[in-house]
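**Student:** Handing you a structure now.
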Amino acid sequence: MHRHRTLTEHARCLYGDEFRPAPECDAEHKEFLFTEELTFAEPDAILAMLRELSPNQVEGYLPVWIRNLAYRLVLLQRPDEPGLLREAADNLWLHGPDWDHIAADLRERAEALEEAGQR
């Protein structure tokens, strides 16, 4: 059976890609298998998937819950990157208003980190 080379390829096979065709693949496409891979993926692999399949955040076929989980997993591994905090906040605002308070908290954390770094 075929195995996906990257998290992005796995996501593209499972959810499709607004910008490119999904590769031909005979792998078993079950959401729980993808979610397991996502859970233990390195931050760079997760960000590559998000940025390739949803380059402008409003596009792409990744389900909202996958995007939210992906950003959460990246932020757990890289909690002190203001730009990444803002990117995650922007994603939440696009799919709110349920998560607007979390998005605002992420923006505040980004500002606090930048202020602390300027001292």
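**Student:** T8 fails exactly one of the following numbered conditions: (1) in contact with an Asp or Glu (Cβ under 7 Å, 6 or more places away or on another chain); (2) open to solvent by less than 80 Å² (accessible area, probe 1.4 Å); (3) assigned to a loop (DSSP other than H, G, I, E, B). What is the number of that condition?
**Tutor:** (3)
**Student:** Within region 15-30, work out how many residues are surrounded by fewer than 14 Cβ atoms within 10 Å (Cβ to Cβ), within 15 Å of L53 (Cβ to Cβ) and of a type outside the set (F, W, Y).
**Tutor:** 4
**Student:** Only one of (1) under 25 Å from E114 (Cβ atoms); (2) open to solvent by less than 50 Å² (accessible area, probe 1.4 Å); (3) not in a loop (DSSP other than H, G, I, E, B) is not met by A45, so which one is it?
**Tutor:** Unmet condition: (1).
**Student:** Collect the residues in region 31-42 that are more than 13 Å from R3 (Cβ to Cβ) and either surrounded by fewer than 18 Cβ atoms within 10 Å (Cβ to Cβ) or basic (K, R) (or both), keeping them in residue-number order.
**Tutor:** E31, F32, T35, E36, T39, F40, E42
The values are calculated or read from the model by the stated rules, or taken from the named source; none is laboratory data. Computed from a predicted model, the values in this text were never measured in an experiment. All Cβ positions, even for glycine, are placed from backbone atoms using ideal geometry, and neighbour counts span all protein chains on display. Side chains are part of the model used for accessible areas, which takes the heavy atoms of the whole protein and leaves out ligands, DNA and RNA. Shrake-Rupley method; radii C 1.70, N 1.55, O 1.52, S 1.80 Å.
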